[in-house]
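Each remark here refers to the structure printed beneath this line.
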Amino acid sequence: MNISILKKQAANILTFSGMVLGLSSIIKSIEGNFKTSAVLIIIAAILDYSDGFVARKLNITSKFGKYLDSNSDLISFGVAPGLLIYLSVLHQFNWIGIIVSFLFISGGVYRLSRYNATEFSGYYVGIPITIAGLILALSTFAISYFPSILFIIITLLLSYLMVSTHSFKKV
């Protein structure tokens, strides 16, 4: 394989790898293996950080890469954590749990759409979906230590923070 082609696709390869981890997380959640599902989301977050870093360092950023990253983020940090939190704890709240999980995923869709429609100024408007999904995945490690209602609150709070107009400086 031509090194030049590999260099141009390095960030996309990382993005697709993160998406595969998100899809694998969904499968693990369906299988009831919640800790593995959460770990896959955590690793996907590392790859999500890496793909942007690589794109900037190799000067290969593009509009295509931005949209590809957003689609990958929706799977890995929207759908995967939303399904994980629903199947691991929120299912016991029946339709309320479904609505709360749906609000998280919908908040992620809204957040990504707003991000793609605007120019980045060094500040995020609303918490990035990667951070929200990562927090939700990490919270599942504490399910046995806290009342289940807390996970509704956490999920709703993260949903709100994604769609909010609060600014967060990129670090």
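Remarks
- Region 39-69, subset of a type in the set (Val, Ile, Thr) and closer than 16 Å to Leu23 by Cβ, residue surrounded by the most Cβ atoms within 10 Å (Cβ to Cβ): Ile41
- Residue within region 108-115 that is part of a helix (DSSP H, G or I), without any contact (Cβ under 8 Å) to a residue 60 or more places away in the chain and within 17 Å of Asn33 (Cβ to Cβ) present: no
- Flag if Gly82 is assigned to a helix (DSSP H, G or I), closer than 23 Å to Val163 by Cβ and modelled with pLDDT under 95: no
- Condition check for Ser101: touching a Phe, Trp or Tyr at 6+ places or on another chain (Cβ under 6 Å), under 23 Å from Met19 (Cα atoms) and not in a loop (DSSP other than H, G, I, E, B): yes
- Some residue of region 91-102 being under 16 Å from Ile41 (Cβ atoms) and aromatic (Phe, Trp, Tyr): no
Here is a yes/no grid of residues against (1) without any contact (Cβ under 8 Å) to a residue 60 or more places away in the chain; (2) farther than 23 Å from Thr15 by Cα; (3) hydroxyl-bearing (Ser, Thr, Tyr); (4) crowded, with 20+ Cβ neighbours inside 10 Å:
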site: Tyr86; (1), (2), (3), (4): yes, yes, yes, yes
site: Ser121; (1), (2), (3), (4): yes, no, yes, no
site: Leu156; (1), (2), (3), (4): yes, yes, no, no
site: Met162; (1), (2), (3), (4): yes, no, no, yes
site: His166; (1), (2), (3), (4): yes, yes, no, no
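- Checking region 35-48 against the condition returns no match, with no residue being touching a residue at least 24 places away in the same chain (Cβ under 8 Å), more than 26 Å from Ile105 (Cβ to Cβ), under 20 Å from the mean Cα position of the chain (by Cα) and in a helix (DSSP H, G or I).
The values are calculated or read from the model by the stated rules, or taken from the named source; none is laboratory data. Quick caveat: nothing in here was measured; it's all calculated off a predicted structure. All Cβ positions, even for glycine, are placed from backbone atoms using ideal geometry, and neighbour counts span all protein chains on display.
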